[in-house]
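Take a look at the structure below.
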Amino acid sequence: DGGNDHVNIGTASDLSSTFNVYGTAWIETAGNEDTLTLNSTDADAAGGPKLNLQRNSASPADGDVIGTIGWTGKDDSGGWPGYVLIEGFIGDASNTSEDGRLKFSILKDGTARSICDMTTSNVVFNQDSVDVDFRIESDSSTTMFNLQAVNANNSAGSIGLNSSNAD
């Protein structure tokens, strides 16, 4: 619509933007260049560019997934597993006391596992209780803090501070 300075695809309605698309989109490239770039030339101190995943539900409820970002790739049999997933949730949809939740999951032994689950009351690592170690590095040690999930005898793990035996 040149007269109104906007483009509509899949809809005759202006969806409140310059470029309006109703439906799904597929963007493909054959190389390793950036497939999508969001560029802001604004020079003030406010953040930009911005990517907003907006769930416009008529009946929002606690626990609703409000956006996901997933990474998939072929496995050696040609399947397309979801290797990594980030999900945003409504923790509390109550007006004036809204809460959010953010969850990171990765594929371990073919099953999606919660690696980090953040709410307004806590941050939980390894929610699914799998054999995953936790390590914090410093500028001089790769294991400044180490939490080993399971030891060599398959019993309870151990905690090490500035330990040099784990890596």
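The values are calculated or read from the model by the stated rules, or taken from the named source; none is laboratory data. Quick caveat: nothing in here was measured; it's all calculated off a predicted structure. We place every Cβ from the backbone using ideal geometry, glycine too, and count neighbours over all the protein chains shown. Remember, those area values only see protein heavy atoms, side chains included, never the ligands or the DNA or RNA. Shrake-Rupley method; radii C 1.70, N 1.55, O 1.52, S 1.80 Å.
Working note: Cα gyration tensor of the chain, eigenvalues times five, square-rooted, sorted largest first, giving semi-axes of 40, 22, 19 Å. To put it simply, the accessible area of the chain at a 1.4 Å probe is 49 percent carbon and sulfur. Could you give the longest part of the chain that holds none of the chymotrypsin sites (Phe, Trp or Tyr not before Pro) found in DSSP loops with at most 14 neighbouring Cβ atoms within 10 Å? No qualifying site falls inside 27-167, the longest such stretch. Computed from phi, the 3J(HN,Hα) profile of segment 93-103 under the Karplus parametrisation 6.51, -1.76, 1.60 (θ = phi - 60°) reads 8, 5, 3, 6, 10, 4, 10, x, 8, 10, 10 Hz, with x in place of Gly and Pro.
Applying 1/(1 + (r/R0)^6) with R0 = 45 Å to the Cβ-Cβ distance of V65 and S141, what FRET efficiency is obtained, to the nearest 0.05? The pair V65/S141 has a calculated efficiency of 0.70. Listed values for segment 138-147 are Karplus-derived 3J(HN,Hα) couplings in whole Hz (6.51 cos²θ - 1.76 cosθ + 1.60, θ = phi - 60°), namely 10, 6, 10, 9, 7, 9, 4, 9, 9, 10, and x replaces Gly and Pro. Take the Cα of Y22, step 7 Å toward its Cβ, do the same at L53, and the gap between the two points is 2.5 nm.
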